Amino acid sequence: MTHTAIQKEIPLFLEDELNNAELSEFLDHVENCPECKEELTIQFLVLVGMQKLEDGTTFNLNAELSELLKDAKKRLKIRTTLVKTSIVLRILVVIALFTATALAVTLGY
Ligand SMILES: [Zn+2]
């Protein structure tokens, strides 16, 4: 993915609107690309930092951002696990149905 494409996804990332594939690609890129990381930092500061300043809460930009990235990675892991689990479940259902049908046929129903 290009820097431009990644940087376009930053607002979506901050709103948690990226799908699993996009999020995975986004996180990989941002971690290895200082340019996009910087852009993310700026947009994060604008979106979240300004709100915190208004609230009067103390705000540690770097800590909050790395927390956000860590959370996103955790979410991504959970979501991909869920997707995998649901695929496995579907396969199990198909196997169960097949076995039941085969059994019914064998038993002559
Ligand atoms: Zn980049």
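How do the pairs read when you match residues in the range 73-87 that are among the β-branched types (Val, Ile, Thr) with residues anywhere that are surrounded by 12 or more Cβ atoms within 10 Å (Cβ to Cβ), using Cβ under 7 Å and keeping only pairs 6 or more apart or on different chains?
So the pair list comes out as THR80/ASN20; VAL83/ASN20.
Name the residue that is nearest to the ligand (Cβ to nearest atom), counting only residues in the range 6-23 that are among the charged types (D, E, K, R), part of a helix (DSSP H, G or I) and over 19 Å from SER66 (Cβ atoms).
Pass one, the range 6-23, residues among the charged types (D, E, K, R): 8-9, 15-17, 22.
Subsequent filtering for residues that are part of a helix (DSSP H, G or I) retains 8-9, 22.
Still in the list and also over 19 Å from SER66 (Cβ atoms): 8, 22.
Working: LYS8: 11, GLU22: 15 Å.
Within the range 6-23, the match that is nearest to the ligand (Cβ to nearest atom) is LYS8.
Within the range 6-25, which residues are under 20 Å from LEU82 (Cβ atoms), touching a helix residue (DSSP H, G or I) at 6+ places or on another chain (Cβ under 7 Å) and without any contact (Cβ under 8 Å) to a residue 24 or more places away in the chain?
Correct list: LEU18, GLU22.
Please state which of the following conditions THR4 fails to meet, knowing it meets all the rest: (1) surrounded by fewer than 11 Cβ atoms within 10 Å (Cβ to Cβ); (2) at pLDDT below 95.
Every condition holds for THR4 apart from (2).
Quickly run through the range 24-60 and pick out the residues that are of a type in the set (S, T, N, Q) and within 14 Å of the ligand (Cβ to nearest atom). Break it down stepwise before answering.
Kept after step one, since they are of a type in the set (S, T, N, Q), are these residues of the range 24-60: 24, 32, 41, 43, 51, 57-58, 60.
Scanning the range 24-60 gives ASN32, THR41, GLN43.
Take the range 31-66 and flag every residue that is polar (S, T, N, Q), at pLDDT 80 or above and part of a helix (DSSP H, G or I). If you could, list the steps in order and put the result at the bottom.
Residues of the range 31-66 that are polar (S, T, N, Q), as a first pass: 32, 41, 43, 51, 57-58, 60, 62, 66.
From what's left, at pLDDT 80 or above: 32, 41, 43, 60, 62, 66.
ASN32, THR41, GLN43, ASN62, SER66, listed by residue number.
Run HIS3 past the list (1) within 28 Å of LEU82 (Cα to Cα); (2) within 8 Å of the ligand (Cβ to nearest atom) and report the number of the one that doesn't hold.
Answer for HIS3: the failing condition is (1).
The values are calculated or read from the model by the stated rules, or taken from the named source; none is laboratory data. These numbers were taken from a predicted model, which means no experiment stands behind them. In this analysis, Cβ positions are derived from the backbone assuming ideal geometry, glycine residues included, and neighbour counts consider all displayed protein chains.
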